[in-house]
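Peer 1: Sharing a structure here in structure tokens format.
Please treat every number below as a calculation from the coordinates, not as lab data. Because the structure is a prediction, the values reported are computed rather than measured. Neighbour counts run over all protein chains shown; Cβ positions are idealised from the backbone, glycine included.
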Amino acid sequence: MIVAVVLSAGESSRMGRPKALLPIDGQTFIERIVTTLKHSGLERIVVVLGFNAEELRKTIEGLPVEIVTNHNYKNGQLSSLQAAIHHLESDKHCDAILVHLVDHPYIDSALVQIMIQRFKASNKLIVVPRRQGKRGHPVIFSRALFAELLSAPMDQGAKTVVNAHHADTLEIDTEDVGITLDIDTPELYRQYVKGG
């Protein structure tokens with residue numbers, strides 16, 4: 001089983017308000033992402049909260065997700081990924097995680113389905129989408145990499161693990177702009193979400 005992990009623990013300092021709760025097409029960012037992941041066939045979704053976790057928990061606890069709180073969120077994105085792995089590592093049915101970021105709301109279920117199919121067929125450790133030579137999100141990590149992700153240098157994040165496994169990484173080319181569209185400032189929000 002592949003478990004989806006949505007990282008939503010940061011302070012949203014550049015945005016000025018929680019990115020998870022920003023409106024988009026009648027939903028919030030987090031609702032849109034969770035809906036897309038469910039449509040992609042992912043049964044289990046873990047959302048990692050950190051900054052302002054209790055307030056966010058009240059807002060999203062009605063969604064079909066498991067909530068994990070990362071008390072060390074100030075250590076960066078990798079610390080949230082590690083919190084999710086600690087939550088999942090005792091589950092022997094979890095073969096891999098599909099990691100997505102809450103500030104990438106334009107996630108495409110067809111692409112996610114392709115990534116899952118290719119991961120299962122290829123025996124690669126990592127599957128990542130690529131547009132015009134640039135990698136994006138979501139990223140699938142095999143369970144075989146959990147220990148490396150847990151011991152990776154906090155200041156360098158998961159990139160060190162990805163860079164160590166070039167031969168075991170499958171890149172999937174796509175024209176989907178959403179894989180690299182990181183909406184983390186009010187200007188980007190107005191430009192891409194408010195029809196700007």
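Peer 1: When you have a sec, figure out the Kirkwood radius of the range 29-98 from all distinct Cα pair distances and drop it here in Å to one decimal?
Peer 2: Details: mean 1/r = 0.0777 Å⁻¹.
Mean inverse Cα-Cα distance, inverted, gives 12.9 Å.
Peer 1: Which of D103, D25, D95 moves the most in a Gaussian network model of the chain with Cα springs under 10 Å?
Peer 2: Of the options given, D25 has the highest mean-square fluctuation.
Peer 1: Next question. Taking only DSSP H segments of four or more residues, each worth -39500 (n - 2.57), what value at 222 nm results for the chain once the sum is divided by all its residues, to the nearest 500 deg cm²/dmol? It would help to have the intermediate numbers written out before the result.
Peer 2: Details: 7 runs with 63 residues, N = 196.
So the calculated ellipticity at 222 nm is -9000 deg cm²/dmol.
Peer 1: Starting from the Cα of R130, step 7 Å along the direction of its Cβ; do the same at K38; then give the gap between the two resulting points in nm.
Peer 2: About 3.4 nm, to one decimal.
Peer 1: Another question about this same structure. Can you sort H39, H93 so the residue with the fewest Cβ neighbours within 10 Å comes first?
Peer 2: Working: H39 13, H93 8.
Ordered by Cβ neighbours within 10 Å, fewest first: H93, H39.
Peer 1: Over the range 2-191, calculate the relative contact order: mean separation of alpha carbon pairs under 8 Å at least 6 apart, over the residue count, as a percent. It would help to have the intermediate numbers written out before the result.
Peer 2: On the way: 342 pairs, mean separation 47.5, N = 190.
The normalised contact order for the range 2-191 reaches 25 percent.
Peer 1: Expressed in whole Å with the largest first, what are the equivalent ellipsoid semi-axes of the chain derived from the C-alpha gyration tensor as the square root of 5 times each eigenvalue?
Peer 2: Values: eigenvalues 114, 78, 54 Å².
So the equivalent ellipsoid measures 24, 20, 16 Å along its semi-axes.
Peer 1: Order of E61, E31 from fewest to most other C-beta atoms within 10 Å? Kindly include the intermediate steps, with their values, before the conclusion.
Peer 2: Working: E61 10, E31 20.
Ordered by Cβ neighbours within 10 Å, fewest first: E61, E31.
Peer 1: Report the residue, chosen from S40, S90, S12, that carries the largest GNM mean-square fluctuation when the chain is represented by alpha-carbon nodes joined by springs under 10 Å.
Peer 2: Residue with maximal mean-square fluctuation among S40, S90, S12: S90.
Peer 1: A further question on this structure: How far apart, in nanometres, would the label points at E175 and H86 be if each is projected 7 angstrom from Cα along the Cα-to-Cβ direction?
Peer 2: 4.4
Peer 1: What do you get for Rg/Rh of the range 138-185 when both radii come from the Cα atoms and Rh is the Kirkwood radius?
Peer 2: On the way: Rg = 12.9 Å, Rh = 12.7 Å.
For the range 138-185, the value is 1.02.
Peer 1: Please report the antiparallel percentage of DSSP beta bridges with both residues in the chain, rounded to the nearest 5. Write down the numbers at each step before the final one.
Peer 2: On the way: 10 of 31 bridges.
Antiparallel bridges make up about 30 percent of those DSSP assigns within the chain.
Peer 1: At a Förster radius of 30 Å, what calculated FRET efficiency corresponds to the Cβ-Cβ distance of K194 and I114, to the nearest 0.05?
Peer 2: With a Förster radius of 30 Å, E is 0.50.
Peer 1: How would you rank M1, M115, going from fewest to most other Cβ atoms within 10 Å of each one's own Cβ? Please list the in-between numbers first.
Peer 2: Working: M1 12, M115 22.
Lowest to highest Cβ neighbour count: M1, M115.
Peer 1: Per 0.36 nm of contour for each residue apart, how much would the distance between K159 and N72 grow if the chain were fully extended, relative to their Cα-Cα spacing?
Peer 2: 29.4 nm
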